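Structure record follows, encoded as structure tokens.
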Amino acid sequence: MAASKAKPKAKDRVETGIPGLDGMIGGGFEKKSVVIIAGDAGSGKTTFAMQFLYNGAKKFKENGLFITFEEEKESLFKHMLKYGWDFAELEEKGLVKILEYPPHEVDRFISEGGVIEDMIKENHVQRVVVDSITSLVLLHENEYKRRQAFLTTIEALKKWGCMALLTSEAKTRQGEVRSRFGIEYLADGMLGIHVVRRGEERDYAFEIMKLRGIAHERKLCPLKITDKGIVLFPGQPVFTGGK
Ligand SMILES: Nc1ncnc2c1ncn2[C@@H]1O[C@H](COP(=O)(O)OP(=O)(O)O)[C@@H](O)[C@H]1O
Ligand SMILES: [Mg+2]
């Protein structure tokens, strides 16, 4: 509802609808761009990605595809329902497709590229999530094959012509675009969620490390995981990076 207010919608932008984010990136991601969101385990990457798809389907009339190498659909749906996001309903209505690839079938993902492409066309999918690129890549036994898997995935995503968000499990350091597989630079953007433990509490900070072609916010900002999903607080101070 609030999304239609204020700023005019730029045609070439893919709005995330994540509170605080679109304003930091000039209205949304670029169409057809490939963006990585990196962060530690439990930092909110899957939530971020699902929120992006949920808002796409619910607020912006853009269908989504979620490709997972990690969580089973049932458990994923259950977790997302806690934020009030009914993915079973979206799936039933054909607004979001879910593709699960258990570890032993990961090669099928690569070989099925054509099938996925058809599915994207048939369902008018405009937003694709891969969760996570780490799980996909690490299943390959050597560095060469890992890089190859990464490369093939990025190439496929670019070819499919959707806005693609890839989650990546990595300890992120402020200001640093950590290159785990050496080819992350092929992505158009790199976002990071930093986690700092404060006694019993965890604080999260969000950082845009790079976003090609977009004049974006450079400062870290606080990120909170609430019962309605992720909320960013641009312009507000964050923790000062104690270890
Ligand atoms: N309603 C909620 N309020 C606050 N935090 C939540 C809520 N639901 C889940 N979380 C937290 O969100 C995190 C899980 O996020 P997730 O997206 O699965 O992370 P990742 O994919 O990076 O591992 C966990 O740290 C969990 O404690
Ligand atoms: Mg996850």
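The values are calculated or read from the model by the stated rules, or taken from the named source; none is laboratory data. As the structure is a prediction and not an experimental result, all values here were calculated from the model. For neighbour counting, all protein chains shown are included, and Cβ atoms are generated from backbone atoms with ideal geometry for every residue, glycine included.
The condition of being under 26 Å from residue 119 (Cβ atoms), surrounded by fewer than 17 Cβ atoms within 10 Å (Cβ to Cβ) and away from ligand 1 (no atom under 14 Å from the Cβ) does not hold for residue 78.
Quick grid of which residues meet (1) assigned to a strand (DSSP E or B); (2) not polar (S, T, N, Q):
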residue: 47; (1), (2): no, no
residue: 50; (1), (2): no, yes
residue: 64; (1), (2): yes, yes
residue: 70; (1), (2): no, yes
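Residue 85 fulfils the conditions (1) away from ligand 1 (no atom under 16 Å from the Cβ); (2) assigned to a loop (DSSP other than H, G, I, E, B) except for a single criterion, (1). Looking only at the stretch 205-217, decide whether some residue is part of a loop (DSSP other than H, G, I, E, B), touching a Cys at 6+ places or on another chain (Cβ under 7 Å) and of a type outside the set (S, T, N, Q). Within the stretch 205-217, none of the residues are part of a loop (DSSP other than H, G, I, E, B), touching a Cys at 6+ places or on another chain (Cβ under 7 Å) and of a type outside the set (S, T, N, Q).
Taking the condition of being at pLDDT 90 or above and over 17 Å from residue 44 (Cα atoms), how many residues in the stretch 210-233 meet it?
Start the filter on the stretch 210-233 by keeping residues that are at pLDDT 90 or above, which leaves 210-212, 220-233.
From the residues that got through so far, the ones that are over 17 Å from residue 44 (Cα atoms) too are 210-212.
The total comes to 3.
Among the residues of the stretch 58-76, just one is within 12 Å of ligand 2 (Cβ to nearest atom) and over 24 Å from residue 110 (Cα atoms), namely 75. Considering the stretch 93-128, the residues that are outside any helix (DSSP H, G or I) and aliphatic (A, V, I, L, M) include one that is farthest from residue 72 (Cα to Cα), namely 125. Annotation: of all residues in the stretch 207-232 being touching a helix residue (DSSP H, G or I) at 6+ places or on another chain (Cβ under 8 Å) and within 14 Å of ligand 1 (Cβ to nearest atom), the one that is nearest to residue 37 (Cα to Cα) is 230.
Scan 85, 160 and give me the residue that is touching a residue at least 40 places away in the same chain (Cβ under 8 Å), of a type in the set (Phe, Trp, Tyr) and within 16 Å of ligand 2 (Cβ to nearest atom). Walk me through how you get there before you give the answer.
Numbers: 160 fails: within 16 Å of ligand 2 (Cβ to nearest atom).
Sole residue among the options that is touching a residue at least 40 places away in the same chain (Cβ under 8 Å), of a type in the set (Phe, Trp, Tyr) and within 16 Å of ligand 2 (Cβ to nearest atom): 85.
Here residue 23 clears all of (1) in contact (Cβ under 8 Å) with a residue 40 or more places away in the chain; (2) buried (at least 19 other Cβ atoms within 10 Å of the Cβ); (3) outside any loop (DSSP other than H, G, I, E, B) except the condition numbered (2).
Within the set 143, 91, 100, the sole residue that is at pLDDT 90 or above, over 18 Å from the mean Cα position of the chain (by Cα) and surrounded by fewer than 21 Cβ atoms within 10 Å (Cβ to Cβ) turns out to be 91.
Looking only at the stretch 19-57, residues that are within 16 Å of ligand 2 (Cβ to nearest atom) and within 17 Å of residue 224 (Cα to Cα) come to 16 in all. Of all residues in the stretch 42-54, those that are farther than 14 Å from residue 16 by Cβ and of a type in the set (S, T, N, Q) have Cβ atoms under 6 Å from Cβ atoms of residues that are more than 6 Å from ligand 1 (Cβ to nearest atom) and not in a loop (DSSP other than H, G, I, E, B), 6 or more apart or on another chain, in 43/193; 43/195; 46/131.
Counting residues in the stretch 218-237 that are of a type in the set (Phe, Trp, Tyr), within 19 Å of the chain's Cα centre (by Cα) and part of a loop (DSSP other than H, G, I, E, B) gives one or more. Checking residue 116 against (1) within 24 Å of residue 192 (Cα to Cα); (2) out of contact with any helix residue (DSSP H, G or I) (no Cβ under 6 Å at 6 or more places or on another chain); (3) more than 15 Å from ligand 1 (Cβ to nearest atom); (4) hydrophobic (A, V, I, L, M, F, W, C): exactly one of these is not met. Which one? Here residue 116 clears every test but (1).
A quick yes/no check of all residues on (1) in contact with a Cys (Cβ under 9 Å, 6 or more places away or on another chain); (2) surrounded by fewer than 20 Cβ atoms within 10 Å (Cβ to Cβ); (3) not polar (S, T, N, Q):
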{"position": "172", "(1), (2), (3)": "no, no, no"}
{"position": "183", "(1), (2), (3)": "no, yes, yes"}
{"position": "187", "(1), (2), (3)": "no, no, yes"}
{"position": "190", "(1), (2), (3)": "no, no, yes"}
{"position": "235", "(1), (2), (3)": "yes, yes, yes"}
